[in-house]
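Trainee: Starting off with a structure, shown below.
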Amino acid sequence: MKAKKLTDLDGLSVIYQRRDYEYNMNTFHYHDSYEIYFLEEGTRMLFIGNRIYETEKNDVALFSPNVFHYSNGKSSHAGTCISFTEKYLDEYFTPKAKMMLLKCFSKDVISLSDAEMKAVKMLAENIGSEGDIPFSRLSEILRLLTQNIERGYEKKRLSSVKGIPPIISYINENYDTISGLDDIANNFYMSKCYLCRKFKNDTGMTITQYLNHVRIQKSCELLAATDMTIAQISISCGYDSQAYYSRVFKHTMNCAPIEFRTRMRNSVRSYVEK
């Protein structure tokens, strides 16, 4: 793996990364910051929330804070990642300007032309260089991406991996009532062994990992937006055991459910008090 940190400022970073081998993320993850990933070489299968995209050269993935995502691929790839925090935006932009600049994040994936990708790469490589105004470069990049979606260049291709999207849709719709792999296999008239092998081969993760991802994502929404108890949330998300739910949650989120709830509410309180 070749990684090069192009910019490392407080609240803003730019990293170029190249992998000359097959690479799958270990699990779904999320960030507290905004993230833009420009795929410059290769292809990647990208999961954002419950949506799937097959991305290729000149595609741009946009991740808002706290949105679960995951990627895999069976070939080498290279790209540049720009991440920035809400605090960084608040320091340099008015609320109205920030709203306009973040408009591009209404889409998951968009496609750039060769010329646009070249222009973005040049802007990204020069963020933080001597005499540069980093927030000005960032605003240029965000404006270019927003112009792109306004012209209708959103990436709309759902993964063409045969048979996988319906399975994912089924899990997304029935995560709270699925009692085990047999439920999913029987619904698609597959043997459990074949289902597991196919899902792992085509997505790079196990079907249990994906089911837990959906359940944990839903539980995060409930933790942030309701006063349901941890026990009630675990049951509503399909877990028979609160203890098991808590273990899976901590493994995925690196904190306990109650810690996540506290952090999210403190974040909202801090935003309201600004």
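Trainee: Output the residue which, of all residues in region 176-212 that are more than 26 Å from Gly73 (Cα to Cα) and touching a residue at least 60 places away in the same chain (Cβ under 8 Å), is surrounded by the fewest Cβ atoms within 10 Å (Cβ to Cβ). Show your work before the answer.
Mentor: At the first step, the residues of region 176-212 found to be more than 26 Å from Gly73 (Cα to Cα) are 176-180, 182-183, 186-187, 189.
Restricting the remaining residues to those that are touching a residue at least 60 places away in the same chain (Cβ under 8 Å) gives 176-178.
Details: Asp176: 13, Thr177: 8, Ile178: 18.
Selected residue: Thr177.
Trainee: Residue by residue through region 102-122, note down the ones that are in contact (Cβ under 8 Å) with a residue 24 or more places away in the chain and within 13 Å of Ile141 (Cα to Cα). Walk me through how you get there before you give the answer.
Mentor: Step one: filter region 102-122 for residues in contact (Cβ under 8 Å) with a residue 24 or more places away in the chain, giving 102-114, 116-117, 119-121.
Across region 102-122, the qualifying residues are Leu102, Lys103, Cys104, Phe105, Leu112, Glu116, Met117, Ala119, Val120, Lys121.
Trainee: Among the residues of region 146-153, is there at least one that is part of a loop (DSSP other than H, G, I, E, B), open to solvent by 60 Å² or more (accessible area, probe 1.4 Å), in contact (Cβ under 8 Å) with a residue 12 or more places away in the chain and in contact with a Leu (Cβ under 9 Å, 6 or more places away or on another chain)? Please lay out each step first, then the result.
Mentor: Start the filter on region 146-153 by keeping residues that are part of a loop (DSSP other than H, G, I, E, B), which leaves 151-153.
Still in the running and open to solvent by 60 Å² or more (accessible area, probe 1.4 Å): 151, 153.
Retained after the next criterion (residues that are in contact (Cβ under 8 Å) with a residue 12 or more places away in the chain): 153.
If we keep only those that are in contact with a Leu (Cβ under 9 Å, 6 or more places away or on another chain) too, we end up with 153.
Looking for residues that are part of a loop (DSSP other than H, G, I, E, B), open to solvent by 60 Å² or more (accessible area, probe 1.4 Å), in contact (Cβ under 8 Å) with a residue 12 or more places away in the chain and in contact with a Leu (Cβ under 9 Å, 6 or more places away or on another chain), one finds at least one in region 146-153, hence yes.
Trainee: So Glu125 clears everything in (1) closer than 27 Å to Phe47 by Cβ; (2) among the acidic types (Asp, Glu); (3) in contact (Cβ under 8 Å) with a residue 40 or more places away in the chain except one condition, right? Which one?
Mentor: Result: Glu125 passes all but (1).
Trainee: Before we move on, is Tyr239 in a loop (DSSP other than H, G, I, E, B) and of a type in the set (Ser, Thr, Tyr)? Give the derivation first.
Mentor: Details: in a loop (DSSP other than H, G, I, E, B): yes; of a type in the set (Ser, Thr, Tyr): yes.
Yes; evaluated as a whole, the condition is true for this residue.
Trainee: Still on this structure: Need pairs with beta-carbon distance below 6 Å; first residue in contact (Cβ under 8 Å) with a residue 24 or more places away in the chain and within region 26-38, second in a strand (DSSP E or B) and open to solvent by 20 Å² or more (accessible area, probe 1.4 Å); sequence gap 6+ or separate chains.
Mentor: Ser33/Ser83; Glu35/Ser83; Tyr37/Cys81
Residue-by-condition table, conditions (1) open to solvent by 40 Å² or more (accessible area, probe 1.4 Å); (2) modelled with pLDDT of 95 or more:
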{"site": "Val214", "(1), (2)": "no, no"}
{"site": "Cys220", "(1), (2)": "no, no"}
{"site": "Ala224", "(1), (2)": "yes, no"}
{"site": "Gln232", "(1), (2)": "yes, yes"}
{"site": "Arg269", "(1), (2)": "yes, no"}
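Trainee: Another question about this same structure. Restricting region 17-68 to residues that are closer than 24 Å to Leu6 by Cα and small (Gly, Ala, Ser), which is surrounded by the most Cβ atoms within 10 Å (Cβ to Cβ)?
Mentor: Going through the qualifying residues, I end up with Ala61.
Trainee: Which of the residues spanning region 1-36 are at pLDDT 90 or above, part of a loop (DSSP other than H, G, I, E, B) and either within 24 Å of His251 (Cβ to Cβ) or in contact with a Gly (Cβ under 6 Å, 6 or more places away or on another chain) (or both)?
Mentor: Within region 1-36, just Ser33 meets the criteria.
The values are calculated or read from the model by the stated rules, or taken from the named source; none is laboratory data. Source: prediction; values computed, not measured. Cβ sites come from the backbone with ideal geometry, for glycine too, and all protein chains shown count toward neighbours. Note: accessible area is taken over every heavy atom of the protein model, side chains too, but ligands, DNA and RNA are not part of it. Shrake-Rupley method; radii C 1.70, N 1.55, O 1.52, S 1.80 Å.
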